[in-house]
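Here is the structure we will look at, set down as structure tokens.
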Amino acid sequence: MAAGGTGGHIFPALAVAEELRGRGKDQERGDSASAGCVIQFLGTGRGLEARLIPAAGFPLRTVRAAGLVGIGGWKQLRNLLVLPRTLVEAAIFLREFQPDVVVGMGGYLAGPVMLEAALRDIPTILIEPNAIPGFTNRALAPLVRVAALGFEETARFYPSKGCVTGHPVRKAFYEVRAKEHAPPYTLLILGGSQGSAAINQCVVESLPLFASQRPPVVFIHQTGERDYNTVRKAYQDRALTGEVHAFIDDVPEAFARADLVLSRSGASSVAELAAAGKASILVPFPAAAEQHQVKNARALERVSAARLILQAELTSGRLVREVQDLLASPERLGKMERAVRGLARPDAAARIADLIEEAVRSR
């Protein structure tokens, strides 16, 4: 499994890996319908994968890789010079590990690995969670055997290869129980696995307004490493009740305590909200490829499962109004929770695991 960089690449891959591992345990218990497997992750070692993948109990081997999309000048040239080394290291790994199938999540690491696998005639499965594929996953379309898709509309990019499976989410999100909404209300703030400077700044500017609101709001805030100290100090200066974390390891547990979630709208974030049945205010990342985060957020907004605030319209006043409007109506929160849970695809990881096993059998 080639997955690294951001949580949007790592968490869906872990969901599929856990499904496959569970099937292997079924085999040990005598379930002949399951086929056990050995799972090896490939990552860069610089991103979240260095911590999350070993913590989940899977081996991680690292290779050197660097991105080329969205950068220019000397940095793009420098990263381009890394590409031959990435291809060589990927080829060495594939020769040593001899996988029966290679699964890619997109991103600058998956490209070289999937290319090397295709050249060696190893079955390849691409997981594309977004409505609009990123550059790497579009470039890989002619090479992969199967593309597991999160949205129906994505099938046009993978004619004859696309299989709509839904977005794989870890089982812990489906185990989050509905919360009884009562003061003090808890707002969970997630700017993505690496945090969001725009969301962090807006929340900090909003704190004086929240401090004067009744009933009070309790905050759980994931900031990312860069803004952690600044945000933590802002809560302390205003004596507001807030848990500030650079990164939240157990997001399902935080979901269980939250009445409302303020979040980006990447495919993983949206799928996790649906699985846990959490009402949300979504602020799409404006620089996402082909505005796919806006499309993800509008899909939830259309069925009244979330509120959408474009980043250009995100102000402290607007944020406080939206939060207070929702928290003032537990009935509205409940309707949003039921609507978003209706979008969940609990069998997505299992369907992708089926595709993996079918690829091995066809080989």
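The values are calculated or read from the model by the stated rules, or taken from the named source; none is laboratory data. Computed from a predicted model, the values in this text were never measured in an experiment. Positions of Cβ are generated from backbone atoms using ideal geometry, with glycine treated the same way; all protein chains shown enter the neighbour counts. Calculation scope for accessible area: heavy atoms of the full protein, side chains included, ligands and nucleic acids excluded. Shrake-Rupley method; radii C 1.70, N 1.55, O 1.52, S 1.80 Å.
Could you tell me whether residue 282 is closer than 24 Å to residue 169 by Cα and either surrounded by fewer than 19 Cβ atoms within 10 Å (Cβ to Cβ) or among the aliphatic types (A, V, I, L, M) (or both)?
Here the answer is yes, as residue 282 does meet what is asked.
Quick one: is residue 262 more than 21 Å from residue 14 (Cβ to Cβ), touching a strand residue (DSSP E or B) at 6+ places or on another chain (Cβ under 7 Å) and open to solvent by less than 10 Å² (accessible area, probe 1.4 Å)?
Taking the combined requirement at face value, the residue satisfies it.
Within region 315-325, track down each residue that is touching a residue at least 60 places away in the same chain (Cβ under 8 Å) and under 12 Å from residue 262 (Cα atoms).
Correct list: 319, 320, 323.
If you take the residues of region 97-121 that are part of a loop (DSSP other than H, G, I, E, B) and over 24 Å from residue 267 (Cβ atoms), which of them is most open to solvent (accessible area, probe 1.4 Å)?
My answer is 98.
Look through 269, 265 and report the one residue that is over 14 Å from residue 207 (Cβ atoms) and part of a loop (DSSP other than H, G, I, E, B).
265
Which one of 324, 291, 311 is open to solvent by 10 Å² or more (accessible area, probe 1.4 Å) and at positive phi?
Criteria check complete, one pass: 291.
List every residue pair whose Cβ atoms sit under 6 Å apart, with the two residues 6 or more apart in sequence or on different chains, where the first one lies in region 1-21 and is outside any helix (DSSP H, G or I) and the second, anywhere, is open to solvent by 30 Å² or more (accessible area, probe 1.4 Å).
Note: pairs meeting the criteria are 3/9.
Any residue in region 236-250 that's within 19 Å of residue 185 (Cα to Cα): show its pairings with residues that are open to solvent by 30 Å² or more (accessible area, probe 1.4 Å) at Cβ separation under 7 Å, as long as the two are six or more apart or on different chains.
Partner pairs satisfying both residue conditions: 238/208; 238/211; 240/211; 241/218; 244/228; 244/232.
Can you say whether residue 104 is closer than 22 Å to residue 19 by Cα, modelled with pLDDT of 90 or more and of a type in the set (Gly, Ala, Ser), as far as the supplied structure shows?
yes
Just the residues that are within 18 Å of residue 291 (Cβ to Cβ) and part of a loop (DSSP other than H, G, I, E, B), please, taken from region 122-145.
Matches in region 122-145: 129, 130, 131, 132, 133, 134.
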